[in-house]
Amino acid sequence: MSLLVVGLSHRSAPVSVLERAALSADAQVKLLQDTVAAEPATEAAVLATCNRIELYADVDKFHAGVAELSTLLAQHSGVGLEELTPYLYVHYEDRAVHHLFSVACGLDSMVVGEGQILGQIKDALATAQELHSAGRLLNDLFQQALRVGKRAHSETGIDRAGQSLVTFGLEQFAEGAAVDAWARDKRVLVIGAGSMSSLAAATLARAGVAEVVVANRTFDRAERLAALIEEQYAQSSVRQDGTAVLARAVPIDAVADELTRADVVVSCTGATGLVLTAEVVATAMEGRAVRVPAPVVGPRGGSGGSAPAGASVVRGELPPTSVGTDENCPLDPAAAQTAQSVQTVQGTAGFSVLGEAAVAGMAAAELEQHAAWVDKGAAATATEGQSGPVALLDPAAEAEAITALAAAAAVLGRVPERRRPEPVAEVPRPTPVLSLLDLAMPRDIDAAAHRLPGVRLVDIESLAEASADAPMAADVDQVRRIVSDEVAAFGAALRAAHITPTVVALRTMAADVVAGEIARLDGRLPGLDDKQRSEITQTVRRVVDKLLHAPTVRVKQLAAEPGGAGYADALRTLFDLDQETVAAVSRAEGRDADSNNFESAENRGRA
């Protein structure tokens, strides 16, 4: 049998695919059951996190195993096999071991070095053990992965190379400042009461927030988490600011109301749909006060960008919120006729290409060419200030853009002038008053919420982009060496274990030969007393053990080396060992491993 892993992660698939392929707890159970019921696999385990879905199995055929595991992943994830296949990766034997050990050390995480993956690996093993889908191979593999991960964190500074997703997400809001300073005295709403939500609540409570509100579909779980937070941080010495944190639980249907008071929202639930739509966030943001830069009068009477140093700031209301959609994109002619667009264009001094950009949302160079086409027809002409003829675009190929430009001209009652583009003055965006951290997969918060004034959204996708450029600590190289050493040791132990049933069968056969010869001796020399018979028996056994010692020790050493799997076959051939005897030893060892797994699961339940 051989180890095989088929999966997809944030490194191989876009977030849109990952969130569609996310597996619920029930789907994971069904996937494990169907995998071990399939012909190529005898063991199975599923590692499903917010940014990876991996199916581990012990298979007897590589190609059949890849096909079966890929099909099962597609069936249970709900993503078609043809769509899913380009994003799948496959690891086999030592490469599969190397992959899991790297995952356990945090080397394959979205944020390098994060330690939460160890708990997720432990949960995956526990689930497989409880369903009896993990046999000797996967039990040993996952337990060793946990040990390797703990070793990496204890012997190296991998923790300095990255943080948990919670910490890293909060650092995006802090924008270079200390998270504790940014979070102090803020009101926090945590949606969900699972492990990630609990970690977020604890991290923010420790950082010095004023209040933590927990909302969950199961209210009892929300109450337990709120009570735990309040109890754990009730002592002023626990928190750096010397105060205790307030924590309370609310029903899930109170989230909209709590949004109007929250400064920070962290959401991580197992919901299959959106928990917070952009419309709900927009409603909560209406009327919230925020500090915005005072407008700066530009040289031509328009806004001139952000306020210079020392400029006064005013406290005003956020502008009315609106949520854009694909159907309401700037190129839509209907959108060009809105009052806001007309006001923006008409307020532009001289109305040139800048006005077109405000209405049509196109690049200035393209709009200038379209203006020439509308105004002058298809003839290319040279104009004042230009060194050559204007390059015109094909009207048929650019019909949509021309339609948008024509709509803008119809609303304004004039054709835009042909002149060089003017620099676009960007309207300052209000400082965020609501920070949304979405750690769920699939996502909990509508991505369109980031367009709302005063709202900052950080989700799994933006975290992936931010962490791509994060500096790698030198300790990562040391962790990679640890992983390589551990993979070699595990592979050697695994190969040696493959020959153990053969060695046990050989020694069993030798013991049977000794017993048979002693019985024959009793028939030939019936006058031997018990002392004499015992001495002869011990002597024969010592001779057999000495003859077998060197070959069995050496064959285990050779079998542990790469390519040493054939030594078990050679041993069976040389000593004419019965294959069924070897298989019986393997089955007995497998039953012992399953029994140990069951006992460990029972112990965890009692604990």
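General remarks:
- Karplus 3J(HN,Hα) series, Hz, for region 443-448 with 6.51 cos²θ - 1.76 cosθ + 1.60 (x for Gly, Pro): 5, 8, 10, 4, 4, 5
- Full extension of the segment from residue 83 to residue 489, taken as 0.36 nm per residue of separation minus the current Cα-Cα distance, would add 142.4 nm.
- Spin-label pair residue 536/residue 27, simplified geometry with 7 Å Cα→Cβ offset, distance in nm: 7.2 nm
- Across region 10-168, the relative contact order, built from alpha-carbon pairs under 8 Å that are at least six residues apart, equals 25 percent.
- A straight Cα-to-Cα reach below 23 Å connects residue 531 with the lysines 546, residues fewer than 8 places away in its own chain not being considered.
- Region 175-223: GluC sites (Glu not before Pro) falling in loop per DSSP and having at most 14 other Cβ within 10 Å: 175
- Taking amide H positions as modeled 1.01 Å from N, with prolines and chain starts lacking one, no residue 5 or more places away or on another chain lies under 5 Å from residue 245.
- Centre-to-centre, using Cα atoms only, region 150-210 and region 58-114 are separated by 29 Å.
- Dipole magnitude for region 107-170: about 160 debye, using +1 per Lys or Arg Cβ and -1 per Asp or Glu Cβ, origin at the Cα centre.
- Built amide H within the under 5 Å cut-off of residue 157, gap 5+: none
- Once the chain from residue 528 to residue 550 is taken as fully extended at 0.36 nm per residue, the excess over their C-alpha distance is 4.7 nm.
- For the listed peptides 89-98, 53-62, 526-535, a ranking on the average number of other beta carbons within 10 Å per residue, highest first, reads 53-62, 89-98, 526-535.
- The phi torsions of region 133-143, fed into the Karplus equation with coefficients 6.51, -1.76 and 1.60 and a -60° offset, translate into couplings of 9, 9, x, 4, 5, 6, 4, 5, 4, 5, 5 Hz, rounded to whole numbers, with Gly and Pro shown as x.
Quick note: the coordinates plus some simple rules give every number you see, no bench work behind them. These figures come from a predicted structure and were not determined experimentally. Reconstructed Cβ throughout: ideal geometry from the backbone, glycine too, with neighbour counts over all protein chains shown.
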